[in-house]
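Student: This is the structure, below, for whatever I ask next.
The values are calculated or read from the model by the stated rules, or taken from the named source; none is laboratory data. Note that the coordinates shown come from a computational prediction; the quantities given were computed from them, not determined experimentally. Positions of Cβ are backbone-derived with ideal geometry, glycine not excepted, and every protein chain shown enters the neighbour counts. Keep in mind that these areas ignore ligands, DNA and RNA; they rest on the heavy atoms of the full protein, side chains included. Shrake-Rupley method; radii C 1.70, N 1.55, O 1.52, S 1.80 Å.
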Amino acid sequence: MKITQLKSFTATTALVASVFLGAAAPTAAEERFTLAHALPTEHIFHPTSEKFMEALGEGYEVEYHPGGDLGDWTSLFEQTIQGAIPMTMTFAATEFDPRLNVFIAGYVVDSWEQARELYGPGGAIIPVYDEILADLDLKLVGVLPVDFVGYAMRKGVGKTPLNLPDEASGIKIRVPSQEGAIKRFEALGFSPVPMAFSELYTALQLGSVDARAFGPPSEIWQMRDVLESYVYSKDYFEHAFWMVNKDWWDGLAEEDRANIQAAADTSVNWAWDEAQSISEKTREDVREAGIEVIEFSDEQLAAAKQIVYDKEWPYLEEVVGAETLNALKAAAGIN
């Protein structure tokens with residue numbers, strides 16, 4: 001082979017190789033992960049999730065599962081601990097750590113402004129939640145607002161207890177399966193029935209329970225055909241953990257963690273900006289559906305608060321420990 005031919009062959013081979021390698025070289029892989037929650041698309045979780053996915057932009061593929069198609073809220077909590085689901089929006093499943101009962105303490109805040117200061121971005125309670133969740137291999141990326149809650153009576157009961165505890169005697173009320181929730185409604189005079197949320201609608205239809213507790217306006221609207229009155233007692237400000245499996249999170253590239261957290265921050269701030277107006281509109285929708293919406297008088301509210309502080313909070317201290325409860329009190333400014 002002549003030298004010129006060798007040079008030509010070598011150059012051609014190099015060109016072909018470079019084209020081949022360029023075509024075969026993999027592009028940067030998208031970061032793929034699952035985001036799941038158990039609430040319907042009418043709930044604030046859904047538009048918040050949409051905002052998050054929009055804010056993430058290119059380079060990420062989110063397998064989004066709303067409406068509980070991967071399990072109810074307790075199951076999602078457990079699956080995120082296990083790492084089967086990397087990211088979820090859910091509530092405190094107290095069976096995994098009794099300290100999580102601090103999450104549902106009664107009458108902690110009275111207004112949306114107080115709620116945002118305590119639970120919102122940079123809120124005073126966040127370090128308390130961070131410590132508990134870290135022990136479960138979970139990381140909090142944000143706390144989402146839902147609404148103040150109340151209790152609702154099913155159609156046909158014909159009475160709405162307001163002067164507690166006397167008027168609540170004998171009324172079977174569904175509560176979530178959490179120790180603090182059961183204790184609160186026992187103290188308020190009801191007969192609490194712990195029950196999975198998935199069973200609640202049928203239980204109201206059949207009359208297995210007379211009422212439901214822990215109901216934000218959005219859930220009252222969803223169950224409007226079986227309810228006749230709604231007491232917006234505001235005994236609890238419902239908020240949610242937006243959390244990830246910590247091992248999954250720590251395994252991400254630093255840039256990915258920063259991008260995901262930034263998108264979550266954008267979405268959390270949007271949710272806190274919008275949640276109160278959504279609440280007001282939903283309560284008006286509930287009224288227009290024919291459900292009587294009632295708020296406590298000042299005297300009734302003061303009486304309910306005192307019962308909760310006297311009966312629920314000492315019990316809560318036994319369950320979560322003095323250190324955790326005192327941290328809540330300090331964060332909320334409660335003596």
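Student: Based on this model, can you work out whether Val146 counts as touching a residue at least 40 places away in the same chain (Cβ under 8 Å) and either part of a loop (DSSP other than H, G, I, E, B) or touching a Leu at 6+ places or on another chain (Cβ under 8 Å) (or both)?
Tutor: It is false that Val146 is touching a residue at least 40 places away in the same chain (Cβ under 8 Å) and either part of a loop (DSSP other than H, G, I, E, B) or touching a Leu at 6+ places or on another chain (Cβ under 8 Å) (or both).
Student: Among the residues that make up region 99-115, is at least one of them surrounded by fewer than 21 Cβ atoms within 10 Å (Cβ to Cβ) and among the basic types (Lys, Arg)?
Tutor: No.
Student: Moving to a separate point now. Looking at region 189-218 only, could you name the residues that are open to solvent by less than 10 Å² (accessible area, probe 1.4 Å) and among the charged types (D, E, K, R)?
Tutor: Listed by number, the list holds a single entry, Arg212.
Student: Here's a follow-up. Only one of Pro165, Pro176 is touching a helix residue (DSSP H, G or I) at 6+ places or on another chain (Cβ under 8 Å) and at pLDDT 95 or above; which?
Tutor: Pro165
Student: Restricting the first residue to region 38-61 and requiring it to be without any contact (Cβ under 8 Å) to a residue 60 or more places away in the chain, which pairs with a second residue that is basic (Lys, Arg) meet a Cβ separation below 8 Å and a spacing of at least six or different chains?
Tutor: These pairs meet every condition: Glu61/Arg32.
Student: Could I ask something else about it? Which count do you get for residues in region 167-217 that are out of contact with any Pro (no Cβ under 9 Å at 6 or more places or on another chain) and outside any loop (DSSP other than H, G, I, E, B)? Show your work before the answer.
Tutor: Pass one, region 167-217, residues out of contact with any Pro (no Cβ under 9 Å at 6 or more places or on another chain): 170, 180, 191-193, 198-210, 212, 215-217.
In the following step, the residues that additionally are outside any loop (DSSP other than H, G, I, E, B) were identified as 180, 191-193, 198-206, 212, 215, 217.
Here the count works out to 16.
Student: Asn326 versus (1) within 22 Å of Asp110 (Cβ to Cβ); (2) of a type in the set (S, T, N, Q); (3) touching a residue at least 60 places away in the same chain (Cβ under 8 Å): which is the lone unmet condition?
Tutor: (3)
Student: Take the conditions open to solvent by 10 Å² or more (accessible area, probe 1.4 Å), at pLDDT 95 or above, not in a loop (DSSP other than H, G, I, E, B) and not polar (S, T, N, Q) and apply them to Leu140. Does it pass?
Tutor: The answer is yes for Leu140.
Student: Right, next: Identify, from the list Glu50, Glu42, Glu95, Glu63, the residue that is open to solvent by 10 Å² or more (accessible area, probe 1.4 Å), more than 28 Å from Leu328 (Cα to Cα), modelled with pLDDT under 95 and of a type in the set (D, E, K, R).
Tutor: Answer to the check: Glu42.
Student: Inside region 231-335, counting only helices (runs of 4 or more DSSP H) that do not spill past its ends, which hold 3 or more residues that are open to solvent by less than 70 Å² (accessible area, probe 1.4 Å) and of a type in the set (A, V, I, L, M, F, W, C)?
Tutor: Of the helices (runs of 4 or more DSSP H) lying wholly inside region 231-335, those with at least 3 residues that are open to solvent by less than 70 Å² (accessible area, probe 1.4 Å) and of a type in the set (A, V, I, L, M, F, W, C) span 254-288, 298-307, 313-320, 322-332.
Student: For region 158-166, check the following and say yes or no: at least one residue is open to solvent by less than 60 Å² (accessible area, probe 1.4 Å), assigned to a loop (DSSP other than H, G, I, E, B) and under 24 Å from Gly71 (Cβ atoms).
Tutor: To start, the set of residues in region 158-166 that are open to solvent by less than 60 Å² (accessible area, probe 1.4 Å) comprises 160-162, 164-165.
The next check asks that each one be assigned to a loop (DSSP other than H, G, I, E, B); those that pass are 160-162, 164-165.
Filter once more, keeping what is under 24 Å from Gly71 (Cβ atoms): none.
No.
Student: With respect to Gly150, determine if the residue is under 29 Å from Asn335 (Cβ atoms), buried (at least 17 other Cβ atoms within 10 Å of the Cβ) and of a type in the set (Gly, Ala, Ser).
Tutor: yes
Student: Let me ask something additional. Mind checking which pairs have a first residue in region 215-237 that is in contact (Cβ under 8 Å) with a residue 24 or more places away in the chain and among the polar types (S, T, N, Q) and a second that is open to solvent by 10 Å² or more (accessible area, probe 1.4 Å) and assigned to a helix (DSSP H, G or I), Cβ under 6 Å, 6 or more apart or different chains?
Tutor: So the pair list comes out as Ser218/Thr282.
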